[in-house]
1. When residue B:322 is evaluated against the numbered criteria (1) surrounded by fewer than 23 Cβ atoms within 10 Å (Cβ to Cβ); (2) not assigned by TED's automatic domain parsing to the domain that holds residue B:44, which criterion, by number, is the only one it fails?
2. In the list A:44, A:90, which residue meets the criterion of being surrounded by 23 or more Cβ atoms within 10 Å (Cβ to Cβ), touching a helix residue (DSSP H, G or I) at 6+ places or on another chain (Cβ under 9 Å) and of a type outside the set (S, T, N, Q)?
3. Inspect the stretch B:79-102 for any residue being over 32 Å from the mean Cα position of the chain (by Cα) and within 11 Å of another protein chain (Cβ to nearest Cβ) and give the result as yes or no.
4. Would you confirm whether or not the stretch B:180-188 contains a residue that is at the interface with another protein chain (Cβ under 9 Å from one of its Cβ atoms), buried (at least 23 other Cβ atoms within 10 Å of the Cβ), within 29 Å of residue A:114 (Cα to Cα) and of a type in the set (S, T, N, Q)?
5. Kindly indicate the residue of the stretch B:141-167 that is away from every other protein chain (no Cβ under 14 Å) and in contact with a Phe, Trp or Tyr (Cβ under 8 Å, 6 or more places away or on another chain) and also surrounded by the most Cβ atoms within 10 Å (Cβ to Cβ) among those meeting that condition.
6. How many residues are buried (at least 20 other Cβ atoms within 10 Å of the Cβ), among the β-branched types (Val, Ile, Thr) and either at pLDDT below 95 or assigned to a helix (DSSP H, G or I) (or both) when one looks only at the stretch B:206-240?
7. Which residues, taken from the stretch B:84-105, are aromatic (Phe, Trp, Tyr) and in a loop (DSSP other than H, G, I, E, B)?
8. Can you spot a residue in the stretch A:354-371 that is under 20 Å from residue A:106 (Cα atoms), aliphatic (A, V, I, L, M) and free of Cβ contacts under 8 Å to residues at least 24 places away in the same chain?
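The values are calculated or read from the model by the stated rules, or taken from the named source; none is laboratory data. These numbers come from a predicted model, not from an experiment. Note: ideal-geometry Cβ built from the backbone for every residue, glycine included; neighbour counts use all protein chains shown. For accessibility, only protein heavy atoms count, side chains too; no ligands or nucleic acids. Shrake-Rupley method; radii C 1.70, N 1.55, O 1.52, S 1.80 Å.
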There are 2 protein chains.
Amino acid sequence: MGTALLTDHYELTMLASALRDGSAHRECVFEVFARRLPKERRFGVVGGTGRVLDALVDFRFDADDLDFLRSAGAVDDETAAWLADYRFSGDIDGYPEGELYFPGSPVLTVRGTFAEAVLLETLALSILNHDSAIATAAARMVIAASDRPLIEMGSRRTHEEAAVASARAAYLAGFTATSNLEAGRRYGIPTTGTSAHAFTLLHDTEKAAFDGQLAALGVGTTMLVDTYDITAGIRTAIEVAGPELGAVRIDSGDLGVLAVQARQQLDSLGATGTRIVVSGDLDEYSIAALAVAPVDAYGAGTSVVTGSGAPTAGMVYKLVEVDGRPVAKRSENKASRGGRKTSVRRYRSTGTAVEEVISLSSPELGEHDRPLQVPLVRSGVRTAEAPNLLASRDHLEKALVTLPWEGLSLSAGDPALPVIFS
Amino acid sequence: MGTALLTDHYELTMLASALRDGSAHRECVFEVFARRLPKERRFGVVGGTGRVLDALVDFRFDADDLDFLRSAGAVDDETAAWLADYRFSGDIDGYPEGELYFPGSPVLTVRGTFAEAVLLETLALSILNHDSAIATAAARMVIAASDRPLIEMGSRRTHEEAAVASARAAYLAGFTATSNLEAGRRYGIPTTGTSAHAFTLLHDTEKAAFDGQLAALGVGTTMLVDTYDITAGIRTAIEVAGPELGAVRIDSGDLGVLAVQARQQLDSLGATGTRIVVSGDLDEYSIAALAVAPVDAYGAGTSVVTGSGAPTAGMVYKLVEVDGRPVAKRSENKASRGGRKTSVRRYRSTGTAVEEVISLSSPELGEHDRPLQVPLVRSGVRTAEAPNLLASRDHLEKALVTLPWEGLSLSAGDPALPVIFS
């Protein structure tokens, strides 16, 4: 399916108006940025850039699309004819996916004629706002989990396609696996899962269920032990599988207390290598609270796919330059800064980041300064520099290390880095 | 694209285990329900049922799907062979889309073998949880807006496909139109939109922008007047278009104050029929606060597509019956009620709803009782009773009228109707 109709009606009416009065062909620069970080978070994670570039390839108007647009009154015949040949032929620069961003960071810069560039607004924002919100929440959980693995299992709590994108964003942020099969196929993310309470309830006894699971999935599997009584469940699981059982999962109750009890019981049964996986409405705060519990892996669902209280990154797509001239709106509480921006992050010699400097000219780069924008599209073609998902995952892991220590705090506060407009 | 991989890995491993030990062919009943309403809301709106039925048609495993599932270790060869012929051949009953639901309401009931029915869990929940969350939030905005029209314009703040589903859910809830073009094409929802601030900034003057818009879109169009100065913007808009201008839109600032000023100014210019559309981070509360302002229509975005603080409905899909025997888990804080449930809503003779009664047997229906579940699928085939979007929209409008008056309150509180388990 094409992506061109995943767009707001007014992009097309603006195009129609601009084609008619000739302004459509002015050279424009649009920038994507967030005015603030949601919930006083310390950093944002750029997510979705790769998906924007994928979607750009399919941003074409076929005959069916054009018929619909005409029937909806969104375009006239002249505009429809122009759209039939639409290909984005401009340039896009941006923060690589997995980069940290702060209020005002020019996350994506789109250059092209007004006609070509305005049409990308809705789709680019949909992807970046969703994926960045999820990636940012997920990164906070990765920080909270420290070295313990995190499994994303929230598909059922969000739109079925958002679930796939959420699995991708969580993996970008450092999750180790997802339950979502389509994310495995589409993006090569490891998928995992063994059984739900329904599988235990299906059988006449818990033992029969574990027997069935063992026979099919082998001794390395994870058995869900909290359908009836956790102590009995663990005893049965080890009776059935022996002390080589891979893991048990606990999905309810006071997980910190239960994990300690489960560890003691498993050890007393000789199952010292059997891991403990916990799940059940975990977010970054409850994960952090489990740091002292003998937990080997976390399953997180709802809180990941809903951005843990911040389901959208609130980024906007603003026209900042027309034919080389800076433009800005002056709307109350929504004023914007005109002109195409360049951004640089400055570091101490130790590698710790100090500030982000955003300027209208190309700044001189000091020894410890790093430009943040990379070319993503040139003349409509994706560049070799556009990072892939694994590279972005690695990029984020390294970027988080550069933040001052308070930047990794889960509590609300100021952005971890000041943003200086020079 | 097929929908079968929009599924959690563990549905497939459970299937593999159950095929191997023979339990896969037991006759099962799964129920979808919400343990609670989010944020102490007074009611929930069932959204997405129609999309579940659409997705069911494409729930097939083709050769590529099966290759992936084998390579991911999710299924063995026997399971893959079984999946190749998968068709859901069971029955589905449920609350019609647009029906109100309360904690415990059996919103969807899926009957079939374990193998056939367990596979639908993730996809059914993804759709119902997303669409119900959006429809519920949107319905509260419709209540707040009273008779004034609401336009959904939040596509850019959510996943690009969730945006289409959100537009659909908002329309179900009573919104009059959406900005999302794909929602217009896919579901026949009216689409609307005229121009953004970028269109004004593109031009050398605001007047030039309005001239261009008028020439292309005609005098009935809506002009965005807050790019620079609202008073000047309105003056220019009427100069350009005359007092027959369709509408002005204000997207920033104190909308209540600005709407009063705009109305006075428009009237003084003779533009007494020019409508005032307001937008800009509106939610149900700010819409309610604008009830006394001279506003003719609202545009709502972020708050609609993010469920206004509750982005998921939190519904679960639970096995309640196996071969006619009720089953229930006893997990701490997540216990479930076994047995297939029937639900009835009782009304006063005046038409006001009194309570919802959920029972394990078929209850006797009194004169003012209404059964809530309708047959949606029989032997794998969608029934004629499965309502379409327009019928569901109408259903919800009528259902809201039956609530006791406090049920329409925007404040947090108990569910509008008690749910009695008998």
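1. (2)
2. Going through A:44, A:90 in turn, the sole match is A:44.
3. Checked against the condition, which is being over 32 Å from the mean Cα position of the chain (by Cα) and within 11 Å of another protein chain (Cβ to nearest Cβ), the stretch B:79-102 yields at least one hit.
4. Yes, the stretch B:180-188 contains a residue that is at the interface with another protein chain (Cβ under 9 Å from one of its Cβ atoms), buried (at least 23 other Cβ atoms within 10 Å of the Cβ), within 29 Å of residue A:114 (Cα to Cα) and of a type in the set (S, T, N, Q).
5. B:141
6. 5
7. B:86, B:88, B:95, B:102 - these are the residues of the stretch B:84-105 that are aromatic (Phe, Trp, Tyr) and in a loop (DSSP other than H, G, I, E, B).
8. yes
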